[in-house]
Amino acid sequence: MAISFQQFPNSQREPFTKTSDFDTSYNCIAWAAEDSSRWYEPDPVGIFFWPVGIPRNYSIKAYIALYQYLGYECCDDGEFEAGYEKVAIFSVDNVTASHASRQLNVSSWTSKLGKDMDVSHSIFSISGGYYGNVVQFLKRQANR
Amino acid sequence: MNNVLFENYSDALTMEADIVERERERSFNVYLTNNEYITKMYIEALQLHFEKLKAKWLSDTRLNSNSYLSTQHPAYLKILSFGQHIVPFLIRDLRDNKIHWFLALSTLTGVNPIQEQHAGKIDDMIADWLRWGEQNGMI
C-alpha cells in the first residue's frame, strides 16, 4: 500500500510503501540490523536492549558504535554494493540519532517507523522530514 | 493526585471562585471518596481521561524510536500526574495492546521488575510487569 505522511514530504515524490502493521516489539535501530525480536535503545534507565560497553546515550557517535559492534563499518555512501548490507543513520540536529534504515536492493530501503509500521522507501523519500537526513552510512558483509 | 472530576473546572476567574472550587474538591476528598458510587464514577472518568491522553500521546509519538523523548510529551506527563491510581490502567494496557508504559510504571512504582536478560524483549518485559502486577494486586 502506497502512503504518504505529512512528516515525510518527499514520500509523495518517490516510493514510500507500508509493509507491515503497527508493532511495538522492535524499533528502527533493531530492524536496520535485521533483528525484529528486540527494541534497541540507550534509555538512561536501562529498560531496553543496548550492548554493554557501547555508550548509553542518543548521540550519533553511540549509534555508530552500536553498528560497529554489530559488524558494520562506516562507508561513504548508500550506493548498492553486491555482497554487502548497508544501514543509514539519520539525524535532525546532526548530534542526536533519530532513525536508522536498512538497504534492500539497488533502489529500496526498509524502515521501522517508531512504534508503528514498516515501510519500504528510497533514501530521498524518507529524508527531509521527521527524521532529518542521513548523517552516516555503514556496511557489513552479507551472509557473514 | 489530580482529580479528573474537577479538571474541567480548574480555571477559576476570581480568587473567591478559586476558593469555592478548592473547597469543593476538598469536600470531595474528605467526605465522598469512600462512597462506592463516587469511586466508581471516578474510575470511569479516569479511564476516559486516560484513553484520550493515550490516543493523543500515541498519535504524536508513534514515529519516534526514542522512548525517553516520548515520555516528555505533555499527554504522557499528564498521565504520570495521576499517580498510583493509574498503574492498573497502564499494566492492563501493556497486556492488551503492548503499549510501552515501562518508563511510566518504573517512575510511578519505584521498581523495575524486568529481568536483565529480558531487556528489549517486549513480550518478556510485559510478562515481568504482569507478574509484578498480579503479585501486588494491581490486576
For the stretch A:37-60, which residues satisfy the criterion of being of a type in the set (S, T, N, Q), surrounded by 14 or more Cβ atoms within 10 Å (Cβ to Cβ) and part of a loop (DSSP other than H, G, I, E, B)?
-> A:ASN57
Could you tell me whether the stretch A:99-119 includes any residue that is more than 19 Å from A:GLU34 (Cα to Cα) and open to solvent by 10 Å² or more (accessible area, probe 1.4 Å)?
-> no
For helices (runs of 4 or more DSSP H) lying entirely in the stretch B:20-135, having 2 or more residues that are within 14 Å of chain A (Cβ to nearest Cβ) and hydroxyl-bearing (Ser, Thr, Tyr) picks out B:36-61, B:67-70, B:102-109
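Each row is one residue, and each column tells you yes or no for (1) modelled with pLDDT of 95 or more; (2) within 27 Å of B:ASP124 (Cα to Cα); (3) under 16 Å from the mean Cα position of the chain (by Cα).
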| site | (1), (2), (3) |
| --- | --- |
| B:LEU13 | no, no, no |
| B:ASN35 | no, no, no |
| B:LYS52 | yes, no, yes |
| B:LEU69 | no, yes, no |
| B:PRO74 | yes, no, yes |
| B:ARG95 | yes, yes, yes |
| B:ILE99 | yes, yes, yes |
Tell me, yes or no, whether the stretch A:8-29 has at least one residue that is open to solvent by 10 Å² or more (accessible area, probe 1.4 Å) and touching a Leu at 6+ places or on another chain (Cβ under 8 Å).
-> no
May I ask you to verify whether A:GLY71 is surrounded by fewer than 18 Cβ atoms within 10 Å (Cβ to Cβ) and at pLDDT 95 or above?
-> yes
Evaluate the stretch A:100-112: report whether one residue or more is within 11 Å of the chain's Cα centre (by Cα), within 9 Å of chain B (Cβ to nearest Cβ) and within 23 Å of A:LEU66 (Cα to Cα).
-> yes
Hey, can you tell me all the residues within the stretch B:46-73 that are of a type in the set (A, V, I, L, M, F, W, C) and either open to solvent by less than 30 Å² (accessible area, probe 1.4 Å) or closer than 19 Å to B:THR107 by Cβ (or both)?
-> B:LEU46, B:PHE50, B:LEU53, B:TRP57, B:LEU58, B:LEU63, B:LEU69
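The values are calculated or read from the model by the stated rules, or taken from the named source; none is laboratory data. For clarity, every value in this text was computed on a predicted model and none was experimentally measured. All Cβ positions, even for glycine, are placed from backbone atoms using ideal geometry, and neighbour counts span all protein chains on display. Keep in mind that these areas ignore ligands, DNA and RNA; they rest on the heavy atoms of the full protein, side chains included. Shrake-Rupley method; radii C 1.70, N 1.55, O 1.52, S 1.80 Å.
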